[in-house]
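For reference, the structure is listed below as structure tokens.
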Amino acid sequence: MTRFLIRRVLQGIVTLWAIVSLVFVLFFMASPDPARLLGGKAATPRLIESIRVALGLNKPLWQQYLNYLGRLLQGNLGESYKLHEPVTTLLGQWVPIDISLAVGASIIWLVLGLSVGILAARRPRSVWDRSATVFVLTGLSTPTFILGLLLLYLFFYILNTHGITIFPGAGTWTPFHVNPLQWARDLILPWLTLALITAATYARLSRSSLLETLGEDYIRTARAKGLSERRIVYRHALRAAITPIVTQFGIDLA
């Protein structure tokens, strides 16, 4: 076990080093001269050269690579060329927003997708099943940006024209610790935009997985013993059918 863990750790270190090195190589192969970008079109050769010296771009490539690795090991991710702020500072500002958006949307799409899929699987070929099919087809065929614009138009523009302000417009953000209610109001429309699209996939996946499980022999045995359909679905069938859904949820959340 110890050897396995050591081997995995070493493999992870080598993989991380390869990715970091590839990013460094691609930066110099694909991107234009950073000094010219920072200096602008009107920059003089002297100004461009001074920027190169300040950024260390005048040094040999191997020395730049070693400096790059050294800064990474110290937690220094450099400075944004556009915003002129440390990347770590920018990550500290934007990562909480990304986490809030991802976690909130994932909870909604998981609950909604499972609910629709279970309801359709319990009543196959019923009006609920057909409604779930319409929901799935609509969700899978609707682009995310179209749904986002539609929600923004309905719940922001239309309501505001009638003097009703429930949800703010795009680009607003309130930290959770400042005002939890306003935090949720700022994120509810982005949550719904992501969740309604992804919930269609979970509804289809949960319906097919649960229908397959409900046809197993042990489920027929449970019915023959007189167990209620609710207990069969939620205590026996769903436990087996949830495995592919959990796998997909981990992939989507990541």
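The values are calculated or read from the model by the stated rules, or taken from the named source; none is laboratory data. For clarity, every value in this text was computed on a predicted model and none was experimentally measured. Note: ideal-geometry Cβ built from the backbone for every residue, glycine included; neighbour counts use all protein chains shown.
hydroxyl-bearing (S, T, Y), free of Cβ contacts under 8 Å to residues at least 40 places away in the same chain and surrounded by 12 or more Cβ atoms within 10 Å (Cβ to Cβ): which single residue out of T213, T193 fits that description?
Going through T213, T193 in turn, the sole match is T213.
Show the residue pairs that are 6+ apart or on different chains and have beta-carbon atoms under 6 Å apart, the first residue being within region 128-151 and among the polar types (S, T, N, Q), the second being part of a helix (DSSP H, G or I).
T144/I197
Pick from region 64-104 the residues that are outside any helix (DSSP H, G or I) and in contact (Cβ under 8 Å) with a residue 12 or more places away in the chain: which of them is surrounded by the fewest Cβ atoms within 10 Å (Cβ to Cβ)?
G75
Could you tell me whether any residue of region 32-48 is closer than 30 Å to Q182 by Cα and assigned to a helix (DSSP H, G or I)?
No, region 32-48 contains no residue that is closer than 30 Å to Q182 by Cα and assigned to a helix (DSSP H, G or I).
With the structure loaded, tell me whether K41 is modelled with pLDDT under 75 and either of a type in the set (D, E, K, R) or in contact with a Gly (Cβ under 9 Å, 6 or more places away or on another chain) (or both) or whether it fails that test.
For K41, the condition - modelled with pLDDT under 75 and either of a type in the set (D, E, K, R) or in contact with a Gly (Cβ under 9 Å, 6 or more places away or on another chain) (or both) - is met.
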